[in-house]
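Have a look at the structure below before the remarks.
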Amino acid sequence: MAQFKNIKGTKDLLPHETRQWRNIENIIHDFMELHSYGEIRTPSFEQTNLFTRGIGEDTDIVSKEMYSWIDQGGSNLTLKPELTAPAVRAYIQHHLANQSPLVRLYYLDSLFRRERPQKGRLRQFHQFGIEAFGSPYPEQDVEVISMAYHFYKIFDLKNITVRINSIGSSEIRPIFLNILRESMQPYIDNLCPTCQGRLNKNALRIFDCKNPDCEKILNKYAPSILENLSDDDRVHFDTVQSLLTDIGIPYVLDKTMVRGLDYYTRTTFEILSTTLGAQNSLCGGGRYDKLVENMGGKPTPSVGFAAGFERLIIALGENNIGTDTADIYMVVLGTNALSCALKIADELRKKRGLRISVETLKRSLKSQMREANRSGAQFAIIIGEDELENNAVIVKQMNDGKQKEVPIDKLVDEFHRHHNCGCS
Ligand code: HAM
């Protein structure tokens, strides 16, 4: 019989990966709490029109990539392809604005987009991110950009660049789009079919085109959004830039960065990594001052970002954190020794919080020591019949091979003194 396999674009995470994932998840939760952001968890599926209205009908996500279906009760539902629209829905539905004029939320969740799978691009993937509701000020944009930047600094990621742009407020957008369409009209036949289509429906996205001919035309003839901002937009964006400089966040101005979701206004940004290949965006976000209002809430200027979890893992590469599986590997020789080992392991887990793996396969000393090495443990505790007669075990330091005999009733104290073994 043909074997079942996971669906294309999805991924099983096996123990050596989940361990690393959990470590990073813990770092994310700690980081967000340090910044006073509170976690929000929303359901895996929502009404389809939450996304159609929120993200925009002509975006790639809505027009091509959503997993949508009509359920047995006739409801039109969609597996969530992003988290800003659900966060906005929850913000409005639970009247979070009543709790505080500035609501800061974060999330860590699983998402679904039917894209063409490739390195760093999946059909089920994970994001963590933040949304700050209520502040119109550039200082809030800078908090959000700075959090994204400093998050990656925790991992000492090299080769990352912050790119920022302003696509202006919603008032200025229709004016700019007209200017853009008019200036592209003489060249429309030379643009690719996708750009020709976009020019009518979603003109800003023509700046995303990777076709070299389109790029050439755009570089030469397309007006720049930055040169068409309103005075207020300009002051806002200038302040964002000078604050970023003041707090030491290096950035590059990218006049053509428009992002693929329709809700953005004013500041947009991405953090790119050169180690990722074609899918080089680690995270992206920006301001969306009209979305809450468009979804039925009160006018609420907001800004946030979301970051791809899988892309962070790729960027970490060899710097994988936390792939060791135990602090102590217990090498057990003989049946009597095994029951004693199980008791010792339980005591050390309870009293010292150490991760302990006990050998139960009754293998030779050599195979067990090989296993201890493979586990990444810092210590092996060797328990044999001879040692048991003396009520003692051998504690071996794996990095330099140093070993000594320790009485069993002194073991808990022994590990108290090893500050680098994970115990306090
Ligand atoms: P986005 O640019 O669509 O923005 O996604 C943000 C990040 O999610 C990307 O930079 C990338 O790291 C990751 N990502 C996106 N699609 C995939 C995929 N198919 N496979 C793996 N990773 C992927 C948003 O989702 C906005 N909601 C961000 C935001 C929050 N804006 C304001 N607040």
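Each value in this text was obtained by applying a stated rule to the coordinates, not by laboratory testing. Remember, it's a predicted structure, so these values are computed and weren't measured experimentally. Virtual Cβ from ideal backbone geometry, glycine too; neighbours counted across all protein chains shown.
At a threshold of 8 angstrom on Cα-Cα distance, excluding pairs fewer than six apart, so keeping six or more, what relative contact order does the chain reach in percent? Working shown, then result.
Working: 703 pairs, mean separation 63.8, N = 424.
Rounded, it is 15 percent for the chain.
For segment 1-143, what is one quarter of the convex hull surface built on the Cα atoms, given in nm²?
Numbers: hull surface 48.7 nm².
Average projection, Cα convex hull of segment 1-143: 12.2 nm².
Pick out which of ARG234, ARG311, ARG374 has the largest mean-square fluctuation in a Gaussian network model of the chain, springs linking Cα atoms closer than 10 Å.
ARG374
Quote to one decimal, in nm, the extra length available between SER63 and ILE175 on full extension: 0.36 nm per residue of separation minus the C-alpha distance between them. Can you show the working numbers first?
Numbers: separation 112, 0.36 × 112 = 40.32 nm, distance 2.50 nm.
Stretched fully, the SER63-ILE175 segment lengthens by 37.8 nm.
Between GLN124, GLN93, GLN403, which gets the highest mean-square fluctuation from a Gaussian network model of the chain, Cα cutoff 10 Å?
Its mean-square fluctuation being the largest, the pick is GLN403.
Past 21 Å, Cα to Cα, is the threshold; run LYS366/LYS404; LYS220/LYS290; LYS11/LYS153; LYS362/LYS410; LYS366/LYS396 against it and keep the listed order.
On the way: LYS366/LYS404 18 Å; LYS220/LYS290 32 Å; LYS11/LYS153 27 Å; LYS362/LYS410 26 Å; LYS366/LYS396 14 Å.
Beyond 21 Å between Cα atoms: LYS220/LYS290; LYS11/LYS153; LYS362/LYS410.
With 10 angstrom as the radius, rank GLU25, GLU143 by how many other C-beta atoms surround their C-beta, starting from the fewest.
Numbers: GLU25 15, GLU143 19.
Lowest count first: GLU25, GLU143.
List VAL332, VAL292, VAL412 from most exposed to least, where exposure is judged by having the fewest other Cβ atoms within 10 Å.
Numbers: VAL332 27, VAL292 23, VAL412 16.
Ordered by Cβ neighbours within 10 Å, fewest first: VAL412, VAL292, VAL332.
If you average the sequence gap of Cα pairs under 8 Å that are 6 or more apart and divide by the length of segment 328-421, what percent do you get for the contact order? Can you show the working numbers first?
Numbers: 138 pairs, mean separation 28.4, N = 94.
Here the relative contact order equals 30 percent.
First measure r as the distance between the Cβ atoms of ALA278 and ASP413, then evaluate 1/(1 + (r/R0)^6) with R0 = 51 Å and state the FRET efficiency to the nearest 0.05. Provide the component values of the computation, followed by the final result.
Values: r = 55 Å, r/R0 = 1.08.
For R0 = 51 Å, the calculated efficiency reads 0.40.
Two-decimal Rg/Rh of segment 193-305 from alpha-carbon positions, Kirkwood Rh? Each step should come with its number before you reach the end.
Values: Rg = 15.6 Å, Rh = 16.0 Å.
When Rh is taken as the Kirkwood radius, the ratio is 0.98.
What are the ³J(HN,Hα) values, in whole Hz, obtained from phi via the Karplus relation 6.51 cos²θ - 1.76 cosθ + 1.60 with θ = phi - 60°, for each residue of segment 355-360 in sequence order, with x given for Gly and Pro?
Going residue by residue, I get 8, 10, 10, 9, 5, 10 Hz, with x marking Gly and Pro.
Could you list TRP69, TRP21 in order of exposure, starting from the residue whose Cβ has the fewest other Cβ atoms within 10 Å? Can you show the working numbers first?
On the way: TRP69 12, TRP21 15.
Sorted ascending by nearby Cβ count, the order is TRP69, TRP21.
Write down the Å³ per residue value for the convex hull defined by the alpha carbon atoms of segment 286-417. Can you show the working numbers first?
Numbers: hull volume 26.1 nm³, N = 132.
Dividing the Cα hull volume of segment 286-417 by its residues yields 198 Å³.
According to a simple spin-label model (label point 7 Å from Cα along Cα-to-Cβ), what is the distance in nm between THR161 and LYS8?
In this crude spin-label approximation the distance works out to 3.3 nm.
With a cut-off of 8 Å between alpha carbons and a minimum separation of six or more residues, what is the relative contact order of segment 218-316 in percent?
Details: 102 pairs, mean separation 18.6, N = 99.
The normalised contact order for segment 218-316 reaches 19 percent.
Please check: in the Gaussian network model of the chain (C-alpha springs, under 10 Å), which one of GLU39, GLU359, GLU310 has the largest mean-square fluctuation.
Highest fluctuation among the options: GLU359.
Just to check I understand the Karplus step: with θ = phi - 60° and J = 6.51 cos²θ - 1.76 cosθ + 1.60, what whole-Hz values come out for segment 233-250, glycine and proline as x?
Those phi angles translate into 4, 5, 4, 4, 5, 4, 5, 4, 5, 6, 5, 4, 5, 4, 8, x, 9, x Hz.
Under 16 Å Cα-Cα from LYS8, which lysines qualify once same-chain neighbours fewer than 8 residues away are excluded?
LYS119
Can you say what percent of the DSSP beta bridges in segment 328-421, counting only those with both residues inside, are antiparallel? Round to 5.
Of those bridges, close to 50 percent are antiparallel.
Report for the chain the percent antiparallel among DSSP-assigned beta bridges with both residues inside it, nearest 5. Kindly include the intermediate steps, with their values, before the conclusion.
Values: 50 of 63 bridges.
Percentage antiparallel, nearest 5: 80.
Give me the number: length gained by fully extending LYS298 to ASP232, i.e. 0.36 nm times residue separation minus the C-alpha to C-alpha distance, one decimal in nm. Mind showing how you got there, number by number?
Numbers: separation 66, 0.36 × 66 = 23.76 nm, distance 2.15 nm.
The LYS298-ASP232 span can extend by a further 21.6 nm.
Report the gain in length on full extension from THR245 to ASN26: 0.36 nm times residue separation, minus Cα-Cα distance, nm rounded to one decimal. Walk me through the numbers on the way to the answer.
Numbers: separation 219, 0.36 × 219 = 78.84 nm, distance 3.00 nm.
Gain on stretching THR245 to ASN26: 75.8 nm.
Can you list residues from other chains, or at least 5 along the same chain, whose modelled amide H is less than 5 Å from the amide H of VAL393?
Here VAL406, ILE408 satisfy the definition.
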